[in-house]
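Accompanying notes for the structure given below.
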Amino acid sequence: MKEAQPAAIHLKDYQVPPFLIDKTELTFDLDESVTIVTSRLHMRRNPASKKANAPLVLDGGEDVRLVAVAIDDYQLPPAEYRLDDNQLIITATPDLFVLTCETLIEPQNNTRLEGLYRSSSMFCTQCEAEGFRHITYYLDRPDVMSVFTTKIIADANVYPTMLANGNQVDEGETEEGKRFLVWHDPFPKPAYLFALVAGNLNKIEDTFTTMSGKNVALEIFTESHNIDKVDYAMDSLKRSMKWDEEVYGREYDLDIFMVVAVDDFNMGAMENKGLNIFNSSCLLATPETTTDDGFLRVEAVVAHEYFHNWSGNRVTCRDWFQLSLKEGFTVFRDQMFSSDMNSPTVKRVEDVSFLRTAQFAEDAGPMAHPVRPASFIEISNFYTLTIYEKGAEIVRMIHTLLGEDAFRKGSDLYFERHDGQAVTCDDFIRAMEDASGVDLKQFSRWYSQAGTPVLSVAFEYNEAETSLTLTVKQMTPATPGQPTKLALHMPIRMGLIGKDGQELTTQHQGVAAKEHVLHLNQLSQTFEFKGVSQAAVPSLLRGFSAPVKLNIDLDAQELLLLLSSDTDGFNRWCAAQQLAVNELSVLIEQAKNGETLNIESHLVEGFASILKDENLDPAMVALILTLPSASYLAELADSIDPKAIAKARKFLKEQIANQLKAELVTCYERNKMSDAYLPNAEQMAKRQLKNVVLGYWSVTHDTAVAKVISEQCLTSDNMTDEFAALSIAVNSEHSEADKLLAGFYDKWSNESLVVNKWLMLSASQEGSDALAKIKTLMEHPAFDLKNPNKVRSLLGGLTQNVPCFHHQDGSGYAFLADLIIELDKRNPQLASRLCTPLSRWRKMEASLSALMKAELERVQAQDLSKDVYEVISKSLA
Ligand code: TRP
Ligand code: ZN
């Protein structure tokens, strides 16, 4: 029999903490075998708590060994406290006291990568969400905010760098000849923002002068072999600091801001106060080793973590149900920053593509949850696309509804009113309402209602009255635990494109304009436009003004009109995608039914004119030419047949490529560059376009292309072009694919992050022996089961490898399930995330669905972590 199943925690049960911790004094005696952690917690009963006699209950993981506990220096005998599985309970305490705990931990055996652990040669921490309890006993909840002082003791020869939050205030030598350093952070914070790093690190230094003239020291630390790869991160940091001052009026508050890169990390990065810790994949960047996407990611993640200093740290979350308060807002902030630094249309298209594939799929699956969940079993499972990306869309809609100026007033009020507090999503909404006078009551349903709304739109033109009526119906499908849904309030930014290609000025509610923002707030609603001088096609949801699915019946000619004439770049891209989706749907059906694929593609016509137009922005052309991804098509399907999707995409790609070969070749040549590599929008656009057309060209019967691909792969001076060519070689039937892949490894075997790309690509290579090859890859010296980046690379490759992963004998799914079971024992957070592809079994076509379900059941029969248990049990429920 398995043990009792883990229980859910509910938002409705929230209570203020019975105790507060005004000051936290920590001492770490770091050691390779046992690390001693001593804490002095200055505690008092919380006057706001109704539980006047509540016992003191501290959180602590089973990996924390208690040596001694004292109240006001009185050592408690065992009879005066109790140790439960994950708690230290003291029944009798004074109202005001100092609690001292001495605990032992073994960071070198910490494979969960939560709490204090080792990554290569260093000690580092990860405390969000509930990692601090793996360091020592504490009130490990975000509404307990404390001023931290941290003393680090270590062997100075091995760990010359010792860092913690705040400013360094003391340093010296212990009696045993070890070195110690003391750090003090004057800003009260929850334990999840605590950080410590010790190692033999190099750093680059810079300074930033804030808007009030304060000088801030900026330091980025890496192991010595990577120190040449952080200049771009430093530059991104300075631009982020400036942007947050200009756009939000937010100034940095400590004298020093430090960033550290570590190789073993469960997520992207962490916003610890004054000491951000990054997965090296989100910090290191050089032209030779990093693609354009990689540069953009570094810039965005550096900004994201920096922006948390206000949206997250100065104002934090009351409880973990409010996670999107900091994450949704901060993602919105980093999206707008990236948009300002690069091409806004490209940025929006990328964010929306991601949302529509991955977040929409989550919203339609067994783990669907509101942006403010009502319950969870394991909070780590709720660092989701819904909390982050949909949460950011909610903030974006507020921005649209209020307008730029009122939104800024709202954010100023929010930061001013709640500085130093732990608050809720409702507090955020209230600040926005109070500052703007806009009623967001109905709007706030976005926080509590899960699922992706579907808008069905019909329109009718009345020539005699020169008017147009738009009827919009909204419907949100049921999600687990939420069978019925209410009407949501959302902004629909739109315009009308006349059949002659002109954008029309029309009147809506007495306002004459080319663009209107409609307020949809009912299940069914009609909007009237007057002065519509000709028949027109609506361009709806410009810039994706609400995170919904849009159903509007437009034929190919109407979509081509929007594609060529819409004034909104985002919607031009949308039109091209819709056209492609329509054609691919026909092809997917044919493939499913075993028919020969056959379509007369209108896309070719649209692409032809776009490829010929030399005045178009190459970024726009690249976006439009990119076919919808297999995962987006899967999200749209009722019953997913991955092989049919792959076949349809391949067919359409070949059709387009063969009919437009001449134009593609010209476009490739036109976008080649001899300038030195720069990670700027203009160059990125050209590289993107060049590589998209090379992808098409590669599937034609042109014998010249193989040489072009090899040459680009072998002679490029930057990773973007080199890796694009290599990927194309591996994914087409290029005769030299294996040789190129092997050469790539030899060239880059010393660059761990590049090797990860090689792992991913190798695992994605199709072939009858693909799974055997992947198993061999796991034995390769470049692979390491302990490193999350390596595991994700390999499995990312596998899940893209359609014939291998979705093999009808179930071997691909079994392989993944085996790995989940194995990894769950060492790193539950990582294992839990790997369950996603299998958790979507209900949407797969029948035979694959049954195979996936069987594997989930096999996993469920194991002794599981809370993390994996929650995902598996919800998937099978
Ligand atoms: N708060 C971090 C961010 O979004 C992410 C984060 C949450 C995290 N939990 C984590 C990072 C665990 C690493 C490990 O910026
Ligand atoms: Zn974040």
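Lysines near Lys441 by alpha-carbon distance under 27 Å, same-chain residues fewer than 8 away left out - which ones?
By straight Cα distance, Lys441 reaches Lys12, Lys326, Lys390, Lys409, Lys473, Lys485, Lys549.
Would you list Val147, Val259, Val755 from fewest to most Cβ contacts within 10 Å?
Ascending Cβ contact count within 10 Å gives the list Val147, Val755, Val259.
Measure nothing but the geometry: give the 0 to 90° angle between the long axis through the Cα atoms of 811-826 and the longest principal axis through the Cα atoms of the chain, rounded to 10°.
Approximately 20 degrees, to the nearest 10.
First check a/c for segment 315-448, with a ≥ b ≥ c the square roots of the eigenvalues of its C-alpha gyration tensor; if it is under 1.5, answer rounded, and if not, answer prolate when a/b is larger than b/c or oblate otherwise.
oblate
With a point put 7 Å past each Cα toward its Cβ, work out how far Ala512 is from Phe354 in nm, to one decimal.
4.3 nm
Measuring from centroid to centroid over Cα atoms, what is the spacing of segment 660-732 and segment 384-432 in Å?
Here the answer is 42 Å between Cα centres.
So what's the net charge close to Ser545: Lys and Arg +1, Asp and Glu -1, counting the other residues with Cβ under 11 Å from its Cβ?
+1
Which value at 222 nm does the chain reach when only helices count, each DSSP H run of 4 or more adding -39,500 (n - 2.57), with the total divided by all residues and rounded to the nearest 500 deg cm²/dmol?
That calculation yields -12000 deg cm²/dmol at 222 nm.
Please give, to one decimal in nm, the separation of the simple spin-label points placed at Asp617 and Glu463, each 7 Å out from Cα toward the Cβ.
For the pair Asp617/Glu463, the computed spacing is 3.7 nm.
Quick check: pseudo-label points 7 Å beyond the Cα along Cα→Cβ at Ala742 and Asp170, how many nm apart are they?
According to this spin-label approximation, the distance is 6.2 nm.
How do His602, His369, His225 rank when sorted from fewest to most other Cβ atoms within 10 Å of their own Cβ?
His225, His602, His369
Using only Cα atoms and rounding to the nearest 10 degrees, what angle (0 to 90) does helix 752-764 make with the longest principal axis of the chain?
With both axes taken from Cα atoms, the answer is about 50 degrees.
How do Cys282, Cys835 rank when sorted from fewest to most other Cβ atoms within 10 Å of their own Cβ?
Ranked by crowding around the Cβ, least crowded first: Cys282, Cys835.
Going by average Cβ neighbours within 10 Å, how do the peptides 730-743, 287-300, 79-92 rank, with the highest at the top?
Going from most to least packed, we get 287-300, 730-743, 79-92.
Using r as the Cβ-Cβ distance of Ser33 and Leu83, and R0 as 22 Å, what FRET efficiency do you calculate, to the nearest 0.05?
0.45
With unit charges on the beta carbon (Lys/Arg positive, Asp/Glu negative), name the residue among Ile709, Thr776, Tyr813 whose Cα is farthest towards the positive pole of the charge dipole of segment 674-822.
Working it through, the farthest residue towards the positive pole turns out to be Tyr813.
Within segment 850-868, name every residue whose backbone N is under 15 Å away from a label modeled 7 Å from Cα of Met778 along the Cβ vector.
Taking a point 7 Å out along Cα→Cβ of Met778, the residues of segment 850-868 whose backbone N falls under 15 Å are 859.
Can you give the FRET efficiency for His225 and Lys653, using 1/(1 + (r/R0)^6), R0 = 56 Å, r = Cβ-Cβ distance, to the nearest 0.05?
Here the calculated transfer efficiency is 0.90.
For segment 692-705, in order, what is each residue's ³J(HN,Hα) by Karplus, 6.51 cos²θ - 1.76 cosθ + 1.60 with θ = phi - 60°, in whole Hz (x at glycine and Pro)?
5, 5, 5, x, 5, 3, 5, 9, 7, 8, 5, 6, 6, 5
Compute the distance from the alpha-carbon center of segment 550-602 to that of segment 330-361, in whole Å.
That distance is 23 Å.
How much length is gained if the chain between Asp675 and Asn202 is pulled fully straight, taking 0.36 nm per residue apart and subtracting their Cα-Cα distance, in nm to one decimal?
Full extension from Asp675 to Asn202 adds 167.1 nm.
Have a look at the DSSP beta bridges in the chain and tell me what percent are antiparallel, nearest 5.
Of the beta bridges lying entirely in the chain, close to 80 percent run antiparallel.
Can you tell me the orientation of helix 425-436 relative to the chain, as the angle in degrees between its alpha-carbon axis and the longest Cα principal axis, to the nearest 10?
That works out to roughly 60 degrees.
For segment 347-408, just say rounded, prolate or oblate: build the C-alpha gyration tensor, square-root its eigenvalues into a ≥ b ≥ c, call rounded for a/c under 1.5, and beyond that prolate if a/b exceeds b/c, oblate if not.
oblate
Using the structure shown, list the pairs from Lys238/Lys790; Lys661/Lys775; Lys825/Lys853; Lys690/Lys786; Lys189/Lys214; Lys672/Lys707 with a Cα-Cα distance above 27 Å, or answer none.
The answer is Lys238/Lys790; Lys661/Lys775; Lys690/Lys786.
Output needed: percent of Cα pairs per 20 Å distance bin for the chain, bins running from 0 to the one holding the longest distance.
14, 46, 34, 7, 0
Take the alpha carbon gyration tensor of segment 371-529, find the square roots of its eigenvalues, order them as a ≥ b ≥ c, and report rounded if a/c is under 1.5; if not, report prolate when a/b exceeds b/c, else oblate.
Cα axes put segment 371-529 in the oblate bin.
Each value in this text was obtained by applying a stated rule to the coordinates, not by laboratory testing. Predicted, not measured: the structure shown is a model, and the values here were computed from it. All Cβ positions, even for glycine, are placed from backbone atoms using ideal geometry, and neighbour counts span all protein chains on display.
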